[in-house]
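Comments concern the structure below.
Just so you know, all these numbers are worked out from the coordinates, no wet-lab data involved. Here the structure is a predicted model, which is why all the values come from computation and not from measurement. Ideal geometry is used to build each Cβ from the backbone, glycine not excepted, and the neighbour counts take in all protein chains shown.
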Amino acid sequence: MRKFLLTALSVLIAYAIFFTYVHSKMKEERDVLLLNEHKIIETSYKAVTQMFSISIENYFRYAIMQPPVLKILNDVVETQNSYEKALLRGFLYRLLYPFYNDELKRLGIRQFHFHTPQGESFLRFHAPSENGDNLMEVRPSIKKANIEKKFVTGFEGGRIYPGFRYVFPIIHEGKHLGSVEVSLAYENIEFELSKLLSWKDHVLLLKKSVTTDMVFEGHKHHFMPSPLSDDFVIENQKISNITAHSIESELTKKINTMLKEHYNIDAKLKEGKNFSIPILQDDNGYIANFYAIDDLSGRLAAYAVTYSRLDDLVTIQHKYITSLLFGFLTFVLLGIVLYLLIEQSHKTLKEKILFETIVDKTINGVILLNAKGQITFINNASTTLLGYSLEEVIGKDSHELIHVHPHDTAKEDCPILNTMHHQKTYLGEEVFRKKSGEHFTVHLNATPFVHDNTNIGSVIIFRDISTEKEAQKTIEHLAYYDSLTELPNRKLLLDRLSQTLANTKRDPEFCGLLFIDLDNFKFLNDTKGHECGDMLLKMVAQRLSNTLRLCDTVSRFGGDEFVVLVTKLGDDPYDAKARLREIGYKILHAISEHFRLINFDYTCTASIGGTLFHETNKTINEILKDADTAMYEVKKHHKNEIKIV
Amino acid sequence: MMRHFLRLFFIFSLTLCLEARSLVFAPLPFFNTNKVLEDFFPMVNYLEHALDENITIHYEKKYDDLIAAFKANQVDIAYFGPLPFLTLQKSFPYALPIITFHESDGKNGYRCALVKFGGDTLISIPQRELKIALTQPLSTCGYTNTKRLIESSFHLNLDALLYRYVGTHDEVALSVIRGEFHMGGIKKSIAREYASLGLEIIDTTPLIPGFSLVVNTQTMSAEKIAKIKSILLTTPKEVYAKWGQDISHGMSETNTNMFQLLKHDMQNINVPLSGSF
């Protein structure tokens, strides 16, 4: 559950990052689109307002700053008589009317306005009868032009029309004669925009502060409330219908409704910044672009607004949703894979820990080989057993380094490698070589790693069985040899007797069996102790072994009884008997020598009974019985003698 | 019987059709749309609000076009000068003046003025070269009264001078200021507006019935006419004071007797429909 939750959390975080990335890319793409749209309106507005700039400056220089005009203006400044001023106004109107009518109107400019140095309206060519009002406080451009005596340009409100102003101070021979203004009325701007943005609906949203709050009372009705905000007005469709098409269009109405209902447009408009609002509704894309127009004081005066369909928004949206869906599916799949991988990884790690623990803690050596027989892993037990360090064995050829072959076996013939080459498990005992050169026997299990029917390596698990081997030898020795005298015991004697008896079928020579019983041994034991008895038995065994041939078997049959199996006595019964007797006497003679027992000398004798056997004329028991009987015969009569039957 | 029924059906259908559309108001014919609309818009707005009915503005540049539209029942209410109204009424008796607007001096009539630019000297100009600017043939201050003023002031016959119709009173004033004409005939109140450009009044006529709102009794019900008359006559001063210059000095019910002298002039003077040059 914890792993599942962790996986789910990881996938969620990854998807959140992916989501953020896709969203940012979508936004980036959409912003580029909006920027392009915005550039259109910005460029259009700038084109409209700046396209007249050069012409107007030239007009100012070559049509207005001319001696007759300057003389009239100079006279205006000089006179205080209102009648004279009226006449001068009339003369100025008469003088410049052709220029106004033929040049400015041809350019689409209607507002041509002279001001006195005090900022009073002197002559409005677009409304000649309206003059004499002071504009200093309501028209920053006129104030600036007449106080700072600088050319001023920019959007501004006005007593009749808000619009884009070009205000020139008129200074002649150092004398300030007032200013003149050529303006593009908002209607001109709308008209020019309508030519440039013919494929779009567009509206000029004018702030009330530059329109209804400022214009003469009689001009207030040029404007009507904006459908978007109470702070803005638009041109009155009943007076001017330049934007009527846009305002009445279904597209504009639809976008305006959406802007009002879903986009806090009033607050956005108050920010006074450029902005674009992309709208998606019913799988249709729309855009409303707002280009902020500041007045000369840097305050928001108007917005040039365009409305249009923008199907690319839908395309981007579809792409965005597809990416998110595809991403979601991918991340779910990745999550599943990740979960399985984590599960597998945990399992593998667990197995690895188990493996490493087992391999590290086991007393068995574990060696991993690659397909070439090179060592790729070796555990601690192995390095301890072999006496190598890890670095000394990794990558080395195991066959050459540690495997000892009884003969000079080639690598291809190595039973371990060969077995594994055939993708079989090898189980057996082999001899390994330590770093010191010492050999030791191991029991090993070599199992190949098979993948896609190809041997990709193997694991060799081995253990040092040298000690076991020694123990086994000891056990075997104890089973067949007498622990006191180191002579074959009764079992081994019977075994050899049985074997000898079996051999007699193929070998015609006689064999003999001598049953030897030490005389007075009990007395020695009783009087001198078992320690002396045991010492005597060991010395007797030694003398018997020294006396007899290697092919003969001397065994301790029990207590102070020894049995000697003699072979190859010839095929003649008399000779065989004689030889057996002779051997018996040798034994007696050997036993009769003094024994040095701890701290005293001891002389011992023995009674020996013997018998011959050949082929299958007797059984083992019969042979033993015959010899035993013969020995008792001796013991019974005079001891220290031999009797062969 | 059948003919009578069809006529009744036609009148009923026409009435229904006309009632279905919004009221149509026609201001003074003019060339400068904005200026005139600016003057009349507040009044139209006020009426719309008071009647709770949308009012459409019908615009014509010439009186004879406006008269034709009125006669074609395309206009319900129009702002007419006395002479154009008489011209209309002569051929369309359904035109009824209901409200006459006062002049700036508060009188319910106005005067026409003969004007010149103060900077011009007329004495040195030969009589045959004197150019006179007139508004329109049917304008009250147009041919008829200007002819009378030139005769009384200079003992000259307008027909012997160069004269031309230039359209509106403002255009007459401005064309005289520009020097395109030596004199012009316009309403006195308008001449005063251009005094600040050096326009001088040479002489004025006696009081002439003021500009009136003329209703089309064929397209409007008597109730609605009475309602409009009532609304306008009870309009507070602070409201109409904000209307256009020519209609901001108050109003009263039209006295049709004031039209008698003009009617007489109309019968005796034959107004040429185009200028002499």
task = From the C-alpha gyration tensor of segment B:112-205, pull out the three semi-axes of the equivalent ellipsoid (sqrt of 5λ each), sorted largest to smallest, in whole Å.
result = 16, 15, 12
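Kindly provide the helix-only [θ] at 222 nm of chain A, computed as the sum of -39,500 (n - 2.57) over DSSP H runs of four or more divided by all residues, to the nearest 500 deg cm²/dmol? Before the final figure, lay out each step's value.
Numbers: 20 runs with 295 residues, N = 645.
Value at 222 nm, helices only, nearest 500: -15000 deg cm²/dmol.
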ask   = For the pair A:LEU427 and A:ASN134, how long in nm is the line joining their label points, each one 7 Å along Cα→Cβ?
value = 12.1
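For B:ASP105, what is the net charge nearby, where nearby means another residue's Cβ is under 15 Å from its Cβ and Lys, Arg count +1, Asp, Glu -1?
Values: positive: B:LYS107, B:ARG111, B:LYS187, B:LYS188, B:ARG192; negative: B:GLU103, B:GLU193, B:ASP246.
Counting the neighbours of B:ASP105, the net charge comes to +2.
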ask   = Which Cα, out of B:HIS182, A:GLY90, A:THR629, lies furthest along the positive dipole direction of the protein assembly as shown (beta carbon charges, K/R +1, D/E -1)?
value = B:HIS182
task = Would you please name the chymotrypsin sites (Phe, Trp or Tyr not before Pro) within segment A:542-645 that are DSSP coil residues with at most 11 other C-beta atoms within 10 Å of their C-beta?
result = none
ask   = Applying 1/(1 + (r/R0)^6) with R0 = 51 Å to the Cβ-Cβ distance of A:ASN380 and A:TYR602, what FRET efficiency is obtained, to the nearest 0.05?
value = 0.30
task = Starting from the amide H of B:ILE99, placed 1.01 Å from N in the peptide plane, find each other amide H under 5 Å away whose residue is 5 or more places distant or on another chain.
result = B:LEU213, B:THR254
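Calculate for chain B the 222 nm mean residue ellipticity that helices alone would give, adding -39,500 (n - 2.57) per DSSP H run of length 4 or more and normalising by residue count, nearest 500 deg cm²/dmol.
Working: 10 runs with 109 residues, N = 277.
Using -39500 (n - 2.57) per qualifying helix, the result is -12000 deg cm²/dmol.
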task = Please go through segment B:178-275 and write out the trypsin sites (Lys or Arg not before Pro) that DSSP classes as loop and that have at most 16 other C-beta atoms within 10 Å.
result = B:LYS242
10 Å Cβ neighbours from other chains, averaged over peptide A:531-537 = 0
task = Express in nm, to one decimal, how much length is gained between A:TYR62 and A:GLN50 on full extension, taking 0.36 nm for each residue of separation and deducting their alpha carbon distance.
result = 2.4 nm
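What ranking of A:LEU401, A:LEU390 emerges when the number of other C-beta atoms within 10 Å of each C-beta is taken as an exposure proxy, fewest first? Please report the intermediate quantities before stating the final value.
Working: A:LEU401 16, A:LEU390 13.
So the residues, fewest neighbours to most, are A:LEU390, A:LEU401.
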note = Taking placed amide H atoms and a strict 5 Å upper bound, the residues 5 or more places from A:ASN236 or on another chain that come that close are A:PHE223, A:MET224
request  = List every residue whose amide H lies under 5 Å from the amide H of B:PHE117, counting only residues 5 or more places away in sequence or on a different chain, with H placed 1.01 Å from N in the peptide plane.
outcome  = B:GLU200
task = Averaging sequence separations of C-alpha pairs under 8 Å and six or more residues apart, then dividing by the length of segment B:112-258, give the relative contact order as a whole percent.
result = 29
request  = Based solely on C-alpha atoms, express the radius of gyration and the Dmax of chain B in angstrom.
outcome  = 19.8, 74
remark   = Once Lys and Arg are counted +1 and Asp and Glu -1 for all other residues with Cβ under 12 Å from that of B:PHE259, the total becomes +1
request  = Normalise the Cα radius of gyration of chain A by 2.2 N^0.38 Å (N = residues in it) and let me know the number.
outcome  = 2.51
query = Which whole number gives the average count of other chain Cβ atoms within 10 Å of the Cβ atoms across peptide B:179-186?
reply = 1
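Arrange the following residues from fewest to most other Cβ atoms within 10 Å of their Cβ: A:HIS637, A:HIS614. Write out the running numbers ahead of the final one.
Numbers: A:HIS637 10, A:HIS614 18.
In increasing order of surrounding Cβ atoms, one gets A:HIS637, A:HIS614.
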inquiry  = Greater than 28 Å separation of Cα atoms is the criterion. Which listed pairs, A:LYS39/A:LYS208; A:LYS505/A:LYS538; B:LYS62/B:LYS229; A:LYS150/A:LYS268; A:LYS208/B:LYS62, meet it?
reply    = A:LYS505/A:LYS538; A:LYS150/A:LYS268; A:LYS208/B:LYS62
query = Taking A:LYS3 as the anchor, which aspartates and glutamates have their alpha carbon closer than 15 Å to its alpha carbon, excluding any fewer than eight residues away along the same chain?
reply = A:GLU343
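I need to check one value: relative contact order of segment A:51-185, counting alpha carbon pairs closer than 8 Å and at least 6 residues apart, in percent. Walk me through the numbers on the way to the answer.
Working: 208 pairs, mean separation 29.1, N = 135.
The normalised contact order for segment A:51-185 reaches 22 percent.
Please state, rounded to one decimal and in Å, the Kirkwood hydrodynamic radius that segment A:51-185 gives when every pair of distinct Cα atoms enters the mean of 1/r. Working shown, then result.
Numbers: mean 1/r = 0.0687 Å⁻¹.
The answer is 14.5 Å.
Looking only at segment A:481-644, where both bridge partners belong to it, what percent of the DSSP beta bridges are antiparallel (to the nearest 5)?
Working: 23 of 26 bridges.
In segment A:481-644, DSSP labels about 90 percent of beta bridges as antiparallel.
As a test, work out the antiparallel percent of DSSP beta bridges whose residues both lie in chain B, rounded to the nearest 5.
If we restrict to bridges inside chain B, about 70 percent are antiparallel.
Can you tell me the dipole magnitude for the protein assembly as shown around its Cα centre, using point charges on the Cβ only (Lys, Arg +1; Asp, Glu -1), in Debye to the nearest 20?
On the way: 102 positive and 110 negative charges, 483 e Å.
The dipole of the protein assembly as shown has a size of about 2320 debye.
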inquiry  = What lysines does A:LYS396 reach when the alpha-carbon gap must be under 16 Å and sequence neighbours fewer than 8 apart in one chain are set aside?
reply    = A:LYS372, A:LYS411, A:LYS434, A:LYS435
note = At the level of C-alpha centres, the distance separating segment A:356-402 and segment A:211-233, in angstrom, is 96
ask   = If the cut-off is 20 Å between C-alpha atoms, which aspartates and glutamates fall inside it for B:LYS237, apart from same-chain ones fewer than 8 positions away?
value = A:GLU217, B:GLU38, B:ASP39, B:GLU48, B:GLU103, B:ASP105, B:ASP246, B:GLU253
query = Summing Lys, Arg as +1 and Asp, Glu as -1, what charge do residues with Cβ under 12 Å from the Cβ of A:GLU156 carry, A:GLU156 excluded?
reply = +4
ask   = If you take the C-alpha gyration tensor of segment A:481-644, multiply each eigenvalue by 5 and take the square root, what semi-axes do you get, largest first, in whole Å?
value = 27, 16, 13
note = When the charge dipole of segment A:304-398 is computed with +1 at the Cβ of Lys and Arg and -1 at the Cβ of Asp and Glu, the Cα pointing farthest to the positive end, of A:TYR320, A:LEU310, A:ILE375, is that of A:LEU310
ask   = Once phi is turned into ³J(HN,Hα) by the Karplus curve 6.51 cos²θ - 1.76 cosθ + 1.60 with θ = phi - 60°, what whole-Hz value does each residue of segment B:73-81 show in order, with x for glycine and proline?
value = 6, 8, 10, 9, 9, 9, 9, 10, x
ask   = In degrees between 0 and 90, to the nearest 10, how far off the longest principal axis of chain B does helix B:143-154 point, with axes built from Cα atoms?
value = 30
query = At A:MET1 and B:ILE269, where each label point lies 7 Å from the Cα along Cα→Cβ, what is the point-to-point distance in nanometres?
reply = 10.9
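So if R0 is 30 Å, what FRET efficiency would A:ASP230 and A:SER198 give, r being the distance between their Cβ atoms, rounded to the nearest 0.05?
On the way: r = 30 Å, r/R0 = 1.01.
Efficiency for this residue pair is about 0.50.
If you place +1 on the Cβ of every Lys and Arg and -1 on the Cβ of every Asp and Glu, how big does the dipole about the Cα centre of segment B:112-205 come out, in debye to the nearest 20?
Details: 10 positive and 10 negative charges, 24 e Å.
Here the size comes out at about 120 debye.
Which of the DSSP-defined H helices in chain A satisfy a minimum axial length of 27 Å, computed from C-alpha atoms, and a minimum mean Kyte-Doolittle hydropathy of 0.0? Each step should come with its number before you reach the end.
Values: long enough: A:2-50 (68 Å, 0.21); A:311-361 (72 Å, 0.67); A:573-592 (28 Å, -0.29).
Taking the DSSP H segments of chain A (at least 27 Å long, mean hydropathy at least 0.0), we get A:2-50, A:311-361.
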query = Which ³J(HN,Hα) values, rounded to whole Hz and listed in residue order, are derived for segment A:204-213 from phi using the Karplus coefficients 6.51, -1.76 and 1.60 in 6.51 cos²θ - 1.76 cosθ + 1.60 with θ = phi - 60°, glycine and proline given as x?
reply = 9, 8, 9, 6, 4, 5, 9, 10, 5, 7
query = Given A:LYS491/A:LYS636; B:LYS71/B:LYS263; B:LYS107/B:LYS187; A:LYS577/A:LYS635, which pairs have Cα atoms separated by over 22 Å?
reply = A:LYS491/A:LYS636
message = Taking the beta-carbon count within 10 Å as an exposure proxy, list A:LEU325, B:LEU149 from fewest neighbours to most.
response = A:LEU325, B:LEU149
